[in-house]
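The values are calculated or read from the model by the stated rules, or taken from the named source; none is laboratory data. Quick caveat: nothing in here was measured; it's all calculated off a predicted structure. Ideal geometry is used to build each Cβ from the backbone, glycine not excepted, and the neighbour counts take in all protein chains shown. Calculation scope for accessible area: heavy atoms of the full protein, side chains included, ligands and nucleic acids excluded. Shrake-Rupley method; radii C 1.70, N 1.55, O 1.52, S 1.80 Å.
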Amino acid sequence: MQNSMSLPYDDSGPPRGAGRAVSVSELNRMAREALESRIPLLWVSGEISNLTRAPSGHLYFTLKDSQAQVRCTMWRNRAQLLPFRPENGMRVDARALVTLYEARGDFQLNVEALRQTGQGDLFEAFLRLKEKLAAEGLFDPAAKRELPHYPRRIGVVTSPAAAAWRDVLATVQRRAPHLEVVLYPAPVQGADAGARLAEAVRTAGARAAADGIDLLLLVRGGGSIEDLWAFNDESLARALRACPVPVVSGVGHETDFTIADFAADVRAATPTGAAELASAGYHVARARLGELGRSLSAGMDRRVHGLAQRLDRAALRLVHPRERLGLARERSERLGARLHAAMSRRLERLRASQQVLQLRLVARRPDLQREMERCVRAGRRLAQAGEQIVQRRAERLATIAAHLQHLAPQAVLARGYSITRDADGRILRAAGDATVGGEVSVELAIGRLRAIVNSTEA
């Protein structure tokens, strides 16, 4: 032993005859490629442990049995299609690809699908039917119909004894109590439940026009895959697509998926969610109506305030009749003064013209006596014309003054009219402005009367 331990060891290079040394990353890549090429996609059974849900949506867990365990990864695009929520301790079958995580050299499974142990046959049947109907275009998103915003009446296909029926009624009563609900009864569990559900959907579609149905709900509470198997019926899926009105599927809980969910126009997570979708338009409209009411009230307030400001500005521009009369009198006086000045200028021009003519006559003097007589006569005519003009202007001035006098309040009172005021001194213009039993004052041309109002007439 001692001799063998003393043998020299040289690690300066690879042994003679050996190939090139590979890196760790190359080794791990070769191992991964060998695993993925030699071991096909297969189902592995075990128990979930150390389950981690990453914020990205990926699932990381360990699949184990009594003697061994293996790391597993399920990417988000696969995990979000699971019909149930994986939990620690759950027995599952994983459809996985055997691989190696090169960065750490960890042997692991890339899981593509999960099914709960004991439900493998049903799950396989579910996947086969789903692939078949999807290939036919039965689940085509382009064929999905929009839900009516304000349905007049909705139909519900479910069992009258089911809790889902009571949930739908309670939700509709809370959110849109005026919305009528028509039940099309059918069993939701049992050997022939799928066929009877399909028949109820066809009945609802045939009677939609007569019953006034413009939206159909297919609902059931949660349960195992066996409990919900009636909603994986092919005839039910085809009846849903053939229904003349849009269909909302609310089957099971949020993690439960059935063929009916894919065939319906809209899937709701629960029966209550289906009823909320059916009444969403009314629920939003009620909130919107409140907003519009508040907006209308605010708009009316702004309008009233604006009109009040306009009224205040108009009141500031109002002129009292006495002030108007004073302004008219001043204008008349200015017109009279302008008229007098114009007449004076006219007379001056006439006199000047007469003097010019006289000078011209004197200069020419063809017949002094006769021209003087003509001049005298022309002067008389000019004087008469001036007097007539002055008289007409004076008469017009007198007429304007008389009109102004007629417009004066005292002149109106002198003709037999009176001005009646209430106790606050406001002028009364209509009998309805006076208060029966109130005191009024009556202003006459001479003097003033005080009286008590016994009655008024319109």
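Worth a mention:
- Protein heavy-atom accessible surface, 1.4 Å probe, per residue over the chain: 65 Å².
- Label separation (residue 307 vs residue 382): 6.9 nm, computed from points 7 Å beyond Cα along the C-beta direction.
- Partners of residue 144 within straight-line reach, counting lysines whose Cα lies under 25 Å from its Cα and excluding those fewer than 8 residues away in the same chain: 130, 132.
- Segment 349-389: C-alpha gyration tensor shape, a/c 1.5 cut-off, then a/b vs b/c: oblate
- Volume of the convex hull of segment 102-251 (Cα atoms only), normalised per residue: 175 Å³.
- Here the mean projected area of the convex hull built on the C-alpha positions of segment 390-458 is 6.0 nm².
- With 0.36 nm allotted per residue and the present C-alpha distance subtracted, the residue 401-residue 129 stretch has 86.9 nm of extension available.
- Taking amide H atoms as placed 1.01 Å from N in the peptide plane, the amide H of residue 158 lies under 5 Å from those of 184, 186, each 5 or more residues away in sequence or on another chain.
- For the chain, the 222 nm mean residue ellipticity estimated from helices alone, with every DSSP H stretch of n ≥ 4 adding -39500 (n - 2.57) and the total spread over all residues, rounds to -16000 deg cm²/dmol.
- Distances between placed amide hydrogens fall under 5 Å for residue 45 paired with 94, all partners being 5 or more residues away or on another chain.
- Overall form of segment 181-280 per C-alpha gyration tensor (a/c, 1.5; a/b vs b/c): oblate
- Matching the structure-derived Kirkwood radius over Cα pairs in Å against the labelled list [x] 34.7; [y] 22.0; [z] 22.7 gives the label [x].
- Integer Hz, Karplus 6.51/-1.76/1.60 couplings in order for segment 35-49, x for Gly and Pro: 5, 5, 7, 8, 10, x, 4, 8, 8, 10, 9, x, 10, 6, 8
- Square roots of five times the Cα gyration tensor eigenvalues for segment 29-131, Å: 22, 16, 14
- Segment residue 206-residue 429, length gained on full extension (0.36 nm per residue, minus Cα span): 72.9 nm
- Unit Cα scatterers, Debye sum, segment 287-357: log10 I(q)/I(0) for q = 0.27, 0.28 Å⁻¹: -1.06, -1.09
- Burial order of peptide ranges 214-227, 195-208, 327-340, 65-78 (average beta-carbon count within 10 Å, highest first): 214-227, 195-208, 65-78, 327-340
- Estimated dipole of segment 114-258 in Debye, rounded to 20 [Cβ of Lys and Arg +1, of Asp and Glu -1, Cα centre]: 460 debye
- Dipole of the chain, positive direction: furthest Cα of 223, 35, 162, with charges on the beta-carbon: 162
- Taking the Cα centre of the chain as reference, the dipole from Cβ charges on Lys and Arg (+1) and Asp and Glu (-1) amounts to some 5720 debye.
- Gain upon complete extension [residue 163, residue 136; 0.36 nm per residue less C-alpha separation]: 6.3 nm
- Of the GluC sites (Glu not before Pro) found in segment 409-458, the ones in coil according to DSSP and having at most 11 other Cβ atoms within 10 Å of their Cβ are 457.
- Overall, the accessible surface of segment 13-92 at a probe of 1.4 angstrom is composed of carbon and sulfur to the extent of 51 percent.
- The distance between label points at residue 347 and residue 372 comes to 2.7 nm (points 7 Å beyond Cα on the Cα→Cβ vector).
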